[in-house]
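Step one of this worksheet: look at the structure below.
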Amino acid sequence: MTCLDMEGVIAPEIWIAFAEETGIPEFKLTTRDEPDYNKLMRYRIDLLRSHGLGLPKIQETISRINPLPGAKEFLDELRSFAQVCIVSDTFYEFAMPIMAQLGYPTLLCNKLVVGPDGMITDYRMRVEQSKLSTVKAFQQMGFKTIAAGDSFNDLGMIKAGSAGFLFRTTDAIKAANPEIPALETYDELLSGIKAAMGL
């Protein structure tokens, strides 16, 4: 089972795109910058509230986001020889328009709590440490796992499997995890996954 992060691996960072559209640079903070996801989401929800911005405004931005160049072709080829699951800390309310452009690969992520006024009031994680927990669950079902991601919250699932890769990550994350191969192109990632599978 190949487990892939969504944002930064097959799609642009939604919050960075939202920061650029709103002109509010504080939204650019992502899991590449803040390892504590709960702290990051509380910060984002407070920031949205302070600016009077709700889910419809974020979805308006998302409607203009395309997958990263080459991502669909990469996924199509990967799915021709491997089981693939997108494992993300994003939310179904954000991700589905992007998944539609990719042919609806399997996605496991989280849910938002939204008030009648469209304001995001909370969020519901599927499980604690959702990416690592998902990989461990696949392993309990008898799957060997391979994972790729770009952020602090991907490190658990990357390190837990039979093979793992950093993909287009930051220099700081590379330096802190020199034992994990750091790749920059989809061709490199496909080759790494194939090698890990013995293909």
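The values are calculated or read from the model by the stated rules, or taken from the named source; none is laboratory data. All figures in this text were calculated on a predicted structure; none of them were measured in a lab. When we count neighbours, we look across all protein chains shown, and the Cβ atoms used for this are built from the backbone with ideal geometry, even at glycine.
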Criterion violated by G70 - all others in (1) within 30 Å of G142 (Cβ to Cβ); (2) at pLDDT 95 or above satisfied: (1)
Which numbered condition P116 misses (of (1) assigned to a strand (DSSP E or B); (2) of a type outside the set (A, V, I, L, M, F, W, C); (3) surrounded by fewer than 16 Cβ atoms within 10 Å (Cβ to Cβ)): (1)
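So that you can scan it fast, the table gives a plain yes or no per residue for (1) closer than 22 Å to I146 by Cα; (2) touching a Lys or Arg at 6+ places or on another chain (Cβ under 6 Å); (3) not in a helix (DSSP H, G or I):
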{"residue": "A19", "(1), (2), (3)": "no, yes, no"}
{"residue": "R44", "(1), (2), (3)": "no, no, no"}
{"residue": "D89", "(1), (2), (3)": "yes, no, yes"}
{"residue": "L108", "(1), (2), (3)": "yes, no, yes"}
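Quick grid of which residues meet (1) buried (at least 21 other Cβ atoms within 10 Å of the Cβ); (2) in a helix (DSSP H, G or I); (3) under 16 Å from the mean Cα position of the chain (by Cα):
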| site | (1), (2), (3) |
| --- | --- |
| E128 | no, no, yes |
| N153 | yes, yes, yes |
| I158 | yes, yes, yes |
| A175 | no, yes, no |
Checking L53 against (1) part of a helix (DSSP H, G or I); (2) farther than 22 Å from N153 by Cβ; (3) more than 19 Å from the chain's Cα centre (by Cα), the condition it does not meet: (1)
Qualifying residue in the range 128-143 (condition: without any contact (Cβ under 8 Å) to a residue 60 or more places away in the chain and touching an Asp or Glu at 6+ places or on another chain (Cβ under 9 Å)): yes
Given (1) within 18 Å of the chain's Cα centre (by Cα); (2) more than 21 Å from E34 (Cα to Cα), number of the condition C109 does not satisfy: (2)
Identity of the residue in the range 66-81, buried (at least 17 other Cβ atoms within 10 Å of the Cβ) and over 14 Å from the mean Cα position of the chain (by Cα), that ends up nearest to P97 (Cα to Cα): L75
